[in-house]
Amino acid sequence: MLTSTIASYMMPQVIVMETIPLLVNGKIDRQSLLKSYKNNNGNGSCNHGKAELDFSNIPDKKIEAARTLFEIVASVLGSSIRSRISIASNFYELGGNSLNSVYTVTKLQDQGFLIGVSEFISCNTLGDVLNKMRGEYYEEDPILAHGKQQDSRCYVAQMLQDSHRTRVTDMITTSFYQKADLDRWLMPDIRAEDYTELMDSMWEPLLEKNLSFVVQTQRGEKVGVALNFDANDEPPVKINSKLEIVFSFLAHLECPIRY
């Protein structure tokens, strides 16, 4: 039995399809398969009306939190749900996996309930998840409430702007030039200036797409950055340095997954 050898969140899910989408060359169309899986598994849409939600044996003070949890689980899992949702349900036996575990945690956080991914994965039942969710009950503990308010004031996210260019370039250069394992192990004789040139070539597309952001302290100090592109609409970037070795290697690894 697989359940005796692998973790519950690693259990494969069997999906029956009438036909397999193919490309014109006869190979399997992986992108169509991914889209089909995404559509059939809810994609975060409100499919909880089709799922049976059982609120038995839940304390009154946790009913609203349980309702939020159950509806999010139903929404994330969509048509893959295999049984009614209750505090005795195991997320992975319902049809969950490691990927939509993260999505569920993110949606819970959007609703004001905090729980770590590792905490969520370690829970045997949704009742365990409910007990570990933090958020609605901060009011019952002034110390926790104060801590939450302090944490929420520590950092602020701001969409990428042209004024961030120098600091962002410095963060990217420092991060990859000094700490990137792949760059160090491949040893392609990369210079710090190569990252500056790369950022110069990417900067305008980054601003245009408006998907990237910086994280700053309340004092305005930029301490983090996330550079994001639409995977289906990446801008062409010409690389004239030995960074081409690293990017070619990464492209080789990603190609079977993306196409």
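No value in this document is a laboratory result; all are computed from the given coordinates. As the structure is a computational prediction, the values presented were derived from the model and not from experiment. Cβ placement follows ideal geometry from the backbone for every residue including glycine, while neighbour counts extend to all protein chains displayed.
Computed with the Debye formula from one identical point scatterer per Cα of region 190-242, without solvent, the log10 of I(q)/I(0) at q = 0.18, 0.24, 0.29, 0.31 Å⁻¹ comes to -0.73, -1.01, -1.12, -1.16. Amide H to amide H, with H built 1.01 Å from N, Leu114 comes under 5 Å of Arg134, Gly135, counting only residues 5 or more places away or on other chains.
A Förster radius of 30 Å combined with the Cβ-Cβ distance from Asp189 to Ala251 puts the calculated FRET efficiency at roughly 0.90. Here the Kirkwood formula puts the hydrodynamic radius of region 47-108 at 11.6 Å, using every distinct Cα pair.
For the listed residue pairs Lys209/Lys238; Lys62/Lys132; Lys107/Lys132; Lys107/Lys222; Lys27/Lys209, the alpha carbons are over 22 angstrom apart in Lys107/Lys222; Lys27/Lys209. Modelled this way, with points 7 Å down the Cα-to-C-beta line, the labels at Thr217 and Asp128 are 3.9 nm from one another. As a calculated quantity, the FRET efficiency between Leu34 and Val14 at R0 = 25 Å, using C-beta atoms, amounts to about 0.90. Per-residue packing, averaged as other Cβ atoms within 10 Å, sorts the ranges 124-130, 217-223 into the order 124-130, 217-223, beginning with the highest.
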